[in-house]
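Notes follow the structure.
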Amino acid sequence: MTIVVKGDDTVLEQVTKQLNKLVDIIKVQDFRDGECVDRELVLIKVGVDTKTRPEVMQICDIFRAKIVDVAHKALTVEITGNESKVAAFLELMEPFGIRDITRTGKVAMPRK
(Lines give C-alpha, C1' and ligand atoms only; values in the text may rest on other atoms or scores of the structure.)
Protein backbone atom coordinates (compact mmCIF):
# COMPACT_ATOMS: atom_id res chain seq x y z
CA MET A 1 0.00 0.00 0.00
CA THR A 2 1.30 3.44 -0.84
CA ILE A 3 0.39 6.33 1.44
CA VAL A 4 1.37 9.83 0.37
CA VAL A 5 1.97 12.27 3.21
CA LYS A 6 3.34 15.77 2.92
CA GLY A 7 4.77 17.49 5.94
CA ASP A 8 7.89 18.38 7.84
CA ASP A 9 10.16 15.82 9.50
CA THR A 10 8.08 15.81 12.70
CA VAL A 11 4.87 14.97 10.86
CA LEU A 12 6.54 12.23 8.79
CA GLU A 13 8.18 10.74 11.88
CA GLN A 14 4.81 10.62 13.67
CA VAL A 15 3.11 8.93 10.70
CA THR A 16 5.92 6.35 10.51
CA LYS A 17 5.64 5.60 14.24
CA GLN A 18 1.87 5.18 14.03
CA LEU A 19 2.14 2.86 11.02
CA ASN A 20 4.78 0.73 12.73
CA LYS A 21 2.39 0.19 15.67
CA LEU A 22 -0.08 -1.62 13.40
CA VAL A 23 0.10 -5.42 13.62
CA ASP A 24 -0.15 -6.13 9.87
CA ILE A 25 2.64 -3.73 8.90
CA ILE A 26 5.74 -5.55 7.66
CA LYS A 27 7.86 -2.58 6.60
CA VAL A 28 7.57 1.21 6.31
CA GLN A 29 9.70 3.00 3.72
CA ASP A 30 10.15 6.76 3.75
CA PHE A 31 10.72 8.20 0.29
CA ARG A 32 11.87 11.79 0.14
CA ASP A 33 11.55 13.86 -3.05
CA GLY A 34 13.84 12.47 -5.72
CA GLU A 35 14.48 9.18 -3.89
CA CYS A 36 11.76 7.25 -5.68
CA VAL A 37 9.93 6.83 -8.95
CA ASP A 38 6.19 7.35 -8.62
CA ARG A 39 3.35 6.91 -11.09
CA GLU A 40 -0.42 6.91 -11.20
CA LEU A 41 -2.79 5.02 -13.50
CA VAL A 42 -6.00 6.69 -14.64
CA LEU A 43 -8.87 5.34 -16.72
CA ILE A 44 -11.05 8.13 -18.09
CA LYS A 45 -14.17 8.00 -20.24
CA VAL A 46 -14.44 11.09 -22.44
CA GLY A 47 -17.47 12.17 -24.44
CA VAL A 48 -16.81 12.53 -28.18
CA ASP A 49 -18.65 13.02 -31.44
CA THR A 50 -17.48 12.86 -35.04
CA LYS A 51 -15.97 16.36 -34.80
CA THR A 52 -14.16 16.01 -31.45
CA ARG A 53 -12.95 12.39 -31.74
CA PRO A 54 -9.82 13.25 -33.83
CA GLU A 55 -8.84 16.03 -31.41
CA VAL A 56 -9.13 13.73 -28.38
CA MET A 57 -7.12 11.06 -30.20
CA GLN A 58 -4.40 13.62 -31.04
CA ILE A 59 -4.14 14.72 -27.39
CA CYS A 60 -3.89 11.05 -26.39
CA ASP A 61 -0.99 10.59 -28.83
CA ILE A 62 0.82 13.63 -27.42
CA PHE A 63 0.50 12.31 -23.86
CA ARG A 64 1.23 8.70 -24.89
CA ALA A 65 -2.15 7.67 -23.52
CA LYS A 66 -3.83 4.51 -24.80
CA ILE A 67 -7.38 4.35 -26.07
CA VAL A 68 -8.65 1.11 -24.54
CA ASP A 69 -12.31 1.23 -25.57
CA VAL A 70 -14.23 2.94 -28.37
CA ALA A 71 -17.96 3.65 -28.41
CA HIS A 72 -20.10 5.88 -30.64
CA LYS A 73 -20.19 8.73 -28.16
CA ALA A 74 -17.22 8.02 -25.87
CA LEU A 75 -13.59 6.94 -25.71
CA THR A 76 -12.07 5.23 -22.69
CA VAL A 77 -8.45 6.24 -22.25
CA GLU A 78 -5.67 4.83 -20.06
CA ILE A 79 -2.89 7.18 -18.99
CA THR A 80 0.02 6.60 -16.64
CA GLY A 81 2.50 9.12 -15.38
CA ASN A 82 3.46 11.44 -12.60
CA GLU A 83 1.00 13.76 -10.90
CA SER A 84 1.66 16.76 -13.15
CA LYS A 85 1.29 14.76 -16.39
CA VAL A 86 -2.02 13.27 -15.27
CA ALA A 87 -3.31 16.67 -14.10
CA ALA A 88 -2.40 18.31 -17.42
CA PHE A 89 -4.12 15.55 -19.39
CA LEU A 90 -7.29 15.74 -17.29
CA GLU A 91 -7.39 19.51 -17.71
CA LEU A 92 -7.30 19.11 -21.50
CA MET A 93 -10.04 16.46 -21.41
CA GLU A 94 -12.49 18.55 -19.34
CA PRO A 95 -13.89 20.55 -22.29
CA PHE A 96 -14.89 17.31 -24.03
CA GLY A 97 -16.84 16.10 -21.01
CA ILE A 98 -15.41 13.60 -18.57
CA ARG A 99 -18.12 10.96 -18.11
CA ASP A 100 -16.28 8.69 -15.70
CA ILE A 101 -12.86 8.46 -14.08
CA THR A 102 -10.97 5.90 -12.00
CA ARG A 103 -7.57 6.61 -10.43
CA THR A 104 -5.18 4.26 -8.68
CA GLY A 105 -3.42 6.87 -6.61
CA LYS A 106 0.34 6.94 -6.48
CA VAL A 107 2.48 3.84 -6.54
CA ALA A 108 6.17 4.21 -5.79
CA MET A 109 9.45 2.32 -5.89
CA PRO A 110 12.88 3.36 -4.60
CA ARG A 111 15.48 4.52 -7.14
CA LYS A 112 18.29 2.45 -5.56
Lysine pair number, Cα distance threshold 25 Å (strictly under), the chain, separation 8 or more or different chains: 22
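So between Arg64 and Asp30, what do we pick up on full extension, going 0.36 nm a residue minus the alpha carbon distance? Show your work: numbers first, answer last.
Values: separation 34, 0.36 × 34 = 12.24 nm, distance 3.01 nm.
Length difference between fully extended and current span is 9.2 nm.
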Residue by residue through region 33-48, the couplings from Karplus 6.51 cos²θ - 1.76 cosθ + 1.60 with θ = phi - 60°, in Hz, x for Gly and Pro, are 3, x, 8, 9, 9, 10, 9, 9, 10, 10, 10, 9, 9, 10, x, 9
Compute the helix-to-body angle for 9-21: its Cα long axis versus the longest principal axis of the chain, expressed 0 to 90° and rounded to tens. 80
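Heavy atoms only, 1.4 Å probe, whole protein assembly: order Lys51, Lys112 by accessible area, highest first.
Numbers: Lys51 175, Lys112 220 Å².
Ranked from most to least accessible, the order is Lys112, Lys51.
Could you work out [θ]222 nm for the chain from helices alone, using -39500 (n - 2.57) per DSSP H run of at least four and dividing by all its residues? Round to the nearest 500 deg cm²/dmol.
Values: 3 runs with 34 residues, N = 112.
Result for the chain, helices only: -9500 deg cm²/dmol.
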Pick out, from Val28, Leu12, His72, the residue whose Cα sits farthest towards the positive end of the charge dipole of the chain, with +1 on the Cβ of Lys and Arg and -1 on the Cβ of Asp and Glu. His72
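Could you give me D for region 65-107, from Stokes-Einstein at 20 °C and 1.002 mPa s, where the hydrodynamic radius is the Kirkwood radius over C-alpha pairs? Units µm² s⁻¹, please.
Working: Rh = 11.3 Å.
The estimated diffusion coefficient comes to 189 µm²/s.
Over every pair of different alpha-carbon atoms in the chain, take the mean of 1/r and invert it; report that Kirkwood radius in Å.
On the way: mean 1/r = 0.0616 Å⁻¹.
After inverting the mean inverse Cα-Cα distance, the result is 16.2 Å.
The values are calculated or read from the model by the stated rules, or taken from the named source; none is laboratory data. Here the structure is a predicted model, which is why all the values come from computation and not from measurement. When we count neighbours, we look across all protein chains shown, and the Cβ atoms used for this are built from the backbone with ideal geometry, even at glycine. Heavy atoms of the whole protein, side chains included, go into the accessibility calculation; ligands, DNA and RNA do not. Shrake-Rupley method; radii C 1.70, N 1.55, O 1.52, S 1.80 Å.
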